[in-house]
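What follows is a set of notes on a single structure, which appears directly below.
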Amino acid sequence: MSQTDNALLETWTGPFGIAPFDRIDRARFREAYEVALAADVAEIEAIKADPEPPSFANTIAAMERSGRLLARVSGVFFNLTGADTDDTIKAIEREIAPVLSKHNSAIYLDDALFARIDALWARRNELGLGPEEARVLARYHTIFVRQGAGRPPEVRARLAEIGERLAVLGTRFGQNVLTDEQAFVLPLNREGDLEGLPDFVVAAARGTAEERGLAGYAVTLSRSSIEPFLQFSARRDLREAAFRAWIARGAGGRDTDNRAIVAETVALRAERARLLGYPSFAHFRLDDTMAGSPEAALGLLRSVWSAARGLAGREEADLQRMVEAEGGTFALAAWDWRYYAERVRKARFDLDAAEVKPYLTLEGAIAAAFHCAGRLFGLSFTERFDVPVYHPDVRVFEVSDAEGRHVGLFLGDYFARPSKRSGAWMSSFRGQRKLDGDVRPIIVNVMNFARTSGDEPSLLSFDDARTLFHEFGHGLHGLLSDVTYPSIAGTSVPRDFVEFPSQLFEHWMEQRAVLRRFAVHYRTGEAMPDGLIDRVLAARRFNQGFATVEYTASALVDLEFHLLPSADHLDVDAFEAAALAGLGMPATITMRHRTPHFTHVFAGDGYSAAYYSYLWSETLDADGFEAFEEAGDIFDPAVADRLKRYVYAAGDLREPADAYRAFRGRLPSPQALMRQRGLLVAAEGQL
């Protein structure tokens, strides 16, 4: 077959220029990558060979135009690796990861190309650049220097080798975790196996079994499957079995064991940092973030750790009393926490999650997110059924602004399936740009909600609904982007700022006006009663010691690994255990992500030495939402306009602190974070 019949290489003329998923032959990604990589090399060579002196137009803007075919192919491929993979995709991913790393290194470590950029940087004040062009030039220079441009040849060669090896390791890490997740199924077909499970959990377990081709009921390691099981199952033996499998992902001693991968990854990252002149990888990574240094990140994490641990200790005592009150003669264990926390929540707040969930349908949560985006930013969402999708589960919405103009496409992929990795995320098939025409984005949110069987609607927990709003906040960051240059568009911002727009949007899900309108019982059609809303909102800070400890421990261990100046012969289990012991980690709580399955950090560089970012951004979102509360209107038009202009639409046009200051009028108050998590009260020794 010729290249001309490869759908990946065609000009895509279907609706909105989306990929023709129905005609893509997955085996032909190899060929598509060969063509796309060659095209990118030719474009870069043309920039280097330009006989004219370097200018923004013939160097920086030209680089912004280069690699579009490669970006298009990769946009499809890497969305499939996470959301709908198979053996063909996995094999190509293992092959292409080091190839792409080598290709990128060849660009960033090219002397001639960097000489052009460096010359422009030296003359930046003489070029008459506008604010956006100046920002793009600064980012290019920073990124090239951080990749090793201008270093001696032997250093650049070693950096390229490290990059290729890390790409291989990161791909293997992620695939190993997915394999372990796919391999585990806990059947619930014996008498008593369903004890304690409410109807919606039973329905989800039936749907899980059906999807796996099994009879009866089953639980998997997808968070939307296992967490409700741990929360409601009265069978302590089954909770323990499921929990142990959950925390053992990537550490089973088989071909999918990730501990050697972690050790090598940490060592290579430390070496990379040393070659670039930094004392540790954490110092290298955080030098180009809002925090600026590991010390700043550690300062925030430690400021909440002691209060959170103290609160968790009091929570544990409450749970142990509940165990004993119900006749238990055992000490609380990690697989008991969610179950007994639910029992205490019900007793303390007269609130049962099983009472709340019938009001939180997936359809209602989607409608609520769309409504809030409309009130804040004037957006409307129209479902389209004429757009090709990569899986039948995927839904497509055309997004328009208040004047009816096309904003972009939003894809929602909501249900767990074996071909999808766990978790929830936002990605894009195409980013926004205005260089050479107004190109609108194609954004996707991927979830792992449990599918019910038959005609029953999918019901969400409060945390599930919050996750949907979180990822939709990322989606809005991509959809509302309004810049010229693709390298600074949308979510292309520092890691500890990228979570601000997403976490901020979560606040609207918890607002009384939103719940009254969209929390509607799936059987009766009745709105959630005000009394139940009162109890839901009163319980928002319940179990925050546990939630803060499991997250903060993961963030601190991530930083501890990456603060190592070198990491030869690293014993991953021993290091993790020592780090947790040093923190005084409660035995009844585990890290939210144990190291062998910590995909945020080790399946690529996404959150390496940067998992603290969620808490850093929470400082921003807690303070940021108070701007709406101070205005007396959660949809205040003036505040929303500033938020859109300086955050959601601005991409990386400004330094994050400047962007936040432009929105809020000042930098954030850390007290807002402590108030939001209930830690100010906890720090004072009160419950």
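Every read-out reported here was derived from the displayed coordinates using simple, explicitly stated rules and does not represent laboratory data. Keep in mind it's a predicted model, so treat the numbers as computed, not measured. Every residue, glycine among them, receives a Cβ derived from its backbone with ideal geometry; neighbour counts consider all protein chains shown.
Some notes on this structure:
- 4 °C / 1.567 mPa s Stokes-Einstein diffusion coefficient of the chain, Kirkwood radius on C-alpha pairs, µm²/s: 49
- Placing dummy labels 7 Å off each Cα toward the beta-carbon, the span from THR142 to GLU154 is 3.2 nm.
- Cα-projected label distance for VAL344 with ALA71, points at 7 Å along beta-carbon direction, nm: 5.0
- Cβ-Cβ FRET estimate between ALA577 and GLU355, R0 fixed at 45 Å, reported to 0.05: 0.70
- Oblate is the label for segment 264-382. Its Cα gyration tensor axes, ordered a ≥ b ≥ c, give a/c of at least 1.5 and b/c at or above a/b.
- Note, ³J(HN,Hα) from phi for segment 504-514, Karplus 6.51, -1.76, 1.60, rounded to Hz, x at Gly and Pro: 4, 5, 4, 4, 5, 5, 8, 7, 4, 4, 6
- Extension gain for ALA638-ALA215 works out to 146.7 nm (0.36 nm per residue, less the C-alpha to C-alpha distance).
- Per-residue Karplus couplings for segment 135-146, computed as 6.51 cos²θ - 1.76 cosθ + 1.60 with θ equal to phi - 60°, are listed in order as 5, 5, 4, 4, 5, 4, 5, 4, 5, 4, 5, 5 Hz, Gly and Pro entered as x.
- A full extension of the chain between SER669 and THR179 corresponds to an added length of 172.1 nm, given 0.36 nm per residue minus the alpha carbon distance.
- Peptides 298-306, 5-13, 243-251 ranked from most to least packed, by the mean per-residue count of other Cβ atoms within 10 Å: 243-251, 298-306, 5-13.
- Annotation: amide H-H contacts under 5 Å for VAL407 (H modelled 1.01 Å from N, sequence separation of 5 or more, or interchain): VAL399, SER400, ASP401.
- Under 5 Å between amide hydrogens, built in the peptide plane, is the criterion, and for ARG433 it picks out VAL439 among residues at least 5 positions away or on other chains.
- For the pair ALA27 and ASP111, label points projected 7 Å from Cα toward Cβ lie 4.5 nm apart.
- Partner lysines whose Cα lies under 28 Å from the Cα of LYS102, excluding those fewer than 8 positions away in the same chain, are identified as LYS48, LYS90, LYS420.
- Cβ crowding within 10 Å averaged over residues, with 480-490, 138-148 ranked highest first: 480-490, 138-148
- Applying 1/(1 + (r/R0)^6) with r as the Cβ-Cβ distance of ASP530 and GLU363 and R0 = 22 angstrom yields a FRET efficiency of 0.45.
- Estimated [θ] at 222 nm from DSSP helical runs (n ≥ 4, -39500 (n - 2.57)) normalised by residues in the chain, nearest 500: -17500 deg cm²/dmol
- Neighbours of THR382 by Cβ distance under 14 Å: Lys/Arg scored +1, Asp/Glu scored -1, total -1.
- Cα-based Kirkwood hydrodynamic radius, segment 358-538, one decimal, Å: 17.1
- Each peptide in 311-319, 657-665, 523-531, 618-626 was scored by the mean count of other Cβ atoms within 10 Å over its residues; highest first, the order is 618-626, 311-319, 657-665, 523-531.
- The 3J(HN,Hα) values that the Karplus relation (6.51, -1.76, 1.60; θ = phi - 60°) gives for segment 267-283 are, in residue order, 5, 5, 5, 5, 5, 4, 4, 4, 4, 9, x, 10, x, 7, 5, 4, 5 Hz. Gly and Pro appear as x.
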